[in-house]
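The following block contains the structure, expressed as structure tokens.
The values are calculated or read from the model by the stated rules, or taken from the named source; none is laboratory data. Predicted model only: the values in this text are computed from it and were never measured. Please note: Cβ atoms are built from the backbone with ideal geometry, for glycine as well, and neighbour counts cover all protein chains shown. Heads up: the accessible areas ignore ligands, DNA and RNA and are worked out on the full protein's heavy atoms, side chains in. Shrake-Rupley method; radii C 1.70, N 1.55, O 1.52, S 1.80 Å.
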Amino acid sequence: MTDSFTPLSLDTACRVEFGPGRIELLPELIADTGHHRAFVVTDRGLRAAGVAVRVLKILDGAGVEYTVYDEVAPNPSTGNVDAGAARARTFGPAVVVALGGGSVLDAAKGISLLVGNPDAGAADADHLWEAADGLPLIAVPTTSGTGAETNGFGVIEDAAVCRKVYIGHRSVKPRIALLDPELTLGLPPAATAATGIDALVHGIESLASRGANAFSLAYATQAVAMIGHALPLAHRDGSDLDARAELMMGAHLAGQALTLSGLGLVHGIGHALTAHTGTPHGVALAAVLEEVMEFSAPAAREAYEQAARALRVPPPTDGDWARAAVAAVRELSGALDIKRPLHTLGADRALLPAIAAGAVADAVTKNAPRLPQEREVLEILTRVY
């Protein structure tokens with residue numbers, strides 16, 4: 001539990017436009033940033049699904065000049081970011097509109113930052129925190145998962161060294177988060193599950209994080225409650241707009257929480273697993289979620305009680321709220337059919353030590369309530385192999 005008297009210095013300001021149909025406000029919001037041109041970052045899947053087409057028609061109707069960069073990969077790479085930045089520099093002064101899931105939002109932050117730092121590349125991410133300002137950014141998430149619209153950093157892949165790197169800067173925290181649940185109505189069940197589990201883990205890890213504080217706990221508790229209720233409904237019926245709206249707001253609140261508190265070992269392992277195997281982020285998290293919770297429980301009992309209560313778990317007869325929280329998460333994961341053994345995700349047994357080492361070295365792991373050694377992470381990976 002956080003110390004109530006720990007000094008805090010928080011920047012929680014972010015304009016949020018939330019609700020069905022709010023995407024129609026996009027031209028007005030672009031103008032509010034002081035620009036009248038847009039560099040739209042998205043991916044080819046959203047082009048094919050018609051989501052990008054809908055948004056671009058709104059820009060056309062308002063006479064907004066724009067160009068589109070749609071080459072962001074599911075696990076965005078330094079190459080994606082460098083190529084997008086080169087395109088954006090050629091286009092000239094504009095607001096960056098990030099239209100997509102967490103991969104697109106993360107890549108867009110890197111693109112925005114590199115436009116303002118033409119001598120740098122995405123592989124220089126570790127040295128860009130004190131860089132010059134990037135372009136202003138509007139985030140338009142089309143999934144309910146990462147909460148990437150709440151902060152100024154992104155996770156991208158440096159394929160040359162098989163690791164995830166953090167790229168970010170205060171200037172590329174989105175000026176505006178445009179949350180329109182209608183944009184998520186076409187998301188398939190598997191993608192709904194993967195992104196929704198990501199959001200749930202954000203909430204749970206934020207509750208247990210060493211960086212937890214009164215603000216993050218409030219966001220995270222509400223996030224877990226909303227996601228736990230809405231995710232199964234949205235997974236079962238993708239056209240349920242009420243469920244989609246509740247899930248989107250829950251994911252946004254979970255993003256607010258993690259931005260203030262930091263995450264933990266589930267994400268540390270998830271980042272390493274994805275970097276080595278290409279496993280989708282949410283699937284990688286689901287592979288180890290309950291096992292990491294069990295490992296962390298001795299140091300996170302109060303946090304897991306909060307999670308269990310938010311998930312509407314009845315009081316356990318044995319008083320073990322941590323065990324009840326793990327059981328509730330296992331039940332939810334089972335209903336979503338998302339948990340997979342590592343050997344089905346492209347992880348050879350010989351690769352497990354490298355994944356364990358990468359997880360321990362990842363910056364997010366330092367926030368875990370129980371700090372792991374490599375051998376302990378390797379034991380977790382072996383259990384789920």
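Give the number of residues within the stretch 98-118 that are farther than 15 Å from V165 by Cβ and out of contact with any helix residue (DSSP H, G or I) (no Cβ under 7 Å at 6 or more places or on another chain).
Total meeting the criteria: 4.
Another question, then. Please count how many residues of the stretch 304-353 are open to solvent by 10 Å² or more (accessible area, probe 1.4 Å) and either farther than 28 Å from A191 by Cβ or of a type in the set (S, T, N, Q) (or both).
Counting residues in the stretch 304-353 that are open to solvent by 10 Å² or more (accessible area, probe 1.4 Å) and either farther than 28 Å from A191 by Cβ or of a type in the set (S, T, N, Q) (or both) gives 17.
Restricting to the stretch 183-214, give me the number of residues that are buried (at least 24 other Cβ atoms within 10 Å of the Cβ), touching a residue at least 60 places away in the same chain (Cβ under 8 Å) and under 25 Å from L371 (Cβ atoms).
12
Going by the conditions given, is A354 out of contact with any strand residue (DSSP E or B) (no Cβ under 6 Å at 6 or more places or on another chain), over 26 Å from T192 (Cβ atoms) and without any contact (Cβ under 8 Å) to a residue 40 or more places away in the chain? Quick ask: steps written out before the conclusion?
Details: out of contact with any strand residue (DSSP E or B) (no Cβ under 6 Å at 6 or more places or on another chain): yes; over 26 Å from T192 (Cβ atoms): yes; without any contact (Cβ under 8 Å) to a residue 40 or more places away in the chain: no.
So A354 fails the test.
In addition: Could you tell me whether any residue of the stretch 155-173 is among the acidic types (D, E) and touching a strand residue (DSSP E or B) at 6+ places or on another chain (Cβ under 6 Å)?
To start, the set of residues in the stretch 155-173 that are among the acidic types (D, E) comprises 157-158.
From the residues that got through so far, the ones that are touching a strand residue (DSSP E or B) at 6+ places or on another chain (Cβ under 6 Å) too are 157-158.
Checked the stretch 155-173: at least one residue is among the acidic types (D, E) and touching a strand residue (DSSP E or B) at 6+ places or on another chain (Cβ under 6 Å).
Here is a further query. Please enumerate the residues belonging to the stretch 8-25 that are open to solvent by less than 40 Å² (accessible area, probe 1.4 Å) and within 22 Å of the chain's Cα centre (by Cα).
C14, E17, G19, I23 - these are the residues of the stretch 8-25 that are open to solvent by less than 40 Å² (accessible area, probe 1.4 Å) and within 22 Å of the chain's Cα centre (by Cα).
Which of the numbered conditions does E290 fail, given that it passes all the others? Conditions: (1) open to solvent by 10 Å² or more (accessible area, probe 1.4 Å); (2) assigned to a helix (DSSP H, G or I); (3) among the acidic types (D, E).
The number of the failed condition is (1).
Quick check on this structure: which one of L231, L247, L217, L258 is assigned to a helix (DSSP H, G or I), farther than 25 Å from E374 by Cα and open to solvent by 10 Å² or more (accessible area, probe 1.4 Å)? Steps first, please.
Values: L231 fails: open to solvent by 10 Å² or more (accessible area, probe 1.4 Å); L247 fails: open to solvent by 10 Å² or more (accessible area, probe 1.4 Å); L258 fails: farther than 25 Å from E374 by Cα.
Testing whether each residue is assigned to a helix (DSSP H, G or I), farther than 25 Å from E374 by Cα and open to solvent by 10 Å² or more (accessible area, probe 1.4 Å) leaves just L217.
Right, another one. With (1) over 17 Å from the mean Cα position of the chain (by Cα); (2) within 19 Å of F18 (Cβ to Cβ) as the list, and D237 as the residue in question, which single condition is left unmet?
Among (1) over 17 Å from the mean Cα position of the chain (by Cα); (2) within 19 Å of F18 (Cβ to Cβ), D237 violates only (2).
Anything in the stretch 168-182 that is open to solvent by 20 Å² or more (accessible area, probe 1.4 Å) and modelled with pLDDT of 90 or more? List them, or say none.
K173, R175, E182
Taking the stretch 43-71 only, how many residues are free of Cβ contacts under 8 Å to residues at least 12 places away in the same chain and under 26 Å from D82 (Cβ atoms)?
Final tally of qualifying residues: 2.
Take the conditions open to solvent by 40 Å² or more (accessible area, probe 1.4 Å), assigned to a loop (DSSP other than H, G, I, E, B) and either at pLDDT below 95 or touching a helix residue (DSSP H, G or I) at 6+ places or on another chain (Cβ under 9 Å) (or both) and apply them to R370. Does it pass? Quick ask: steps written out before the conclusion?
Details: open to solvent by 40 Å² or more (accessible area, probe 1.4 Å): yes; assigned to a loop (DSSP other than H, G, I, E, B): yes; either at pLDDT below 95 or touching a helix residue (DSSP H, G or I) at 6+ places or on another chain (Cβ under 9 Å) (or both): yes.
Yes.
Next up: Just a yes or no: is a residue in the stretch 69-81 of a type in the set (V, I, T), within 14 Å of P136 (Cβ to Cβ) and touching a Lys or Arg at 6+ places or on another chain (Cβ under 9 Å)?
Here is the first cut: in the stretch 69-81, the ones of a type in the set (V, I, T) are 72, 78, 81.
From what's left, within 14 Å of P136 (Cβ to Cβ): none.
Scanning the stretch 69-81, I find no residue that is of a type in the set (V, I, T), within 14 Å of P136 (Cβ to Cβ) and touching a Lys or Arg at 6+ places or on another chain (Cβ under 9 Å), so the answer is no.
State whether one or more residues within the stretch 335-343 are in contact with a Ser or Thr (Cβ under 6 Å, 6 or more places away or on another chain) and within 27 Å of A230 (Cα to Cα).
First, pick out the residues of the stretch 335-343 that are in contact with a Ser or Thr (Cβ under 6 Å, 6 or more places away or on another chain): 339.
Applying the additional criterion that residues be within 27 Å of A230 (Cα to Cα) yields 339.
Yes, the stretch 335-343 contains a residue that is in contact with a Ser or Thr (Cβ under 6 Å, 6 or more places away or on another chain) and within 27 Å of A230 (Cα to Cα).
To continue, here is another question. Determine the pairs where a residue that is part of a helix (DSSP H, G or I), located within the stretch 299-316, has a partner that is surrounded by fewer than 18 Cβ atoms within 10 Å (Cβ to Cβ) and among the aliphatic types (A, V, I, L, M) with Cβ atoms under 8 Å apart, the partner being 6 or more residues away or on another chain.
E302/M1; A303/M1
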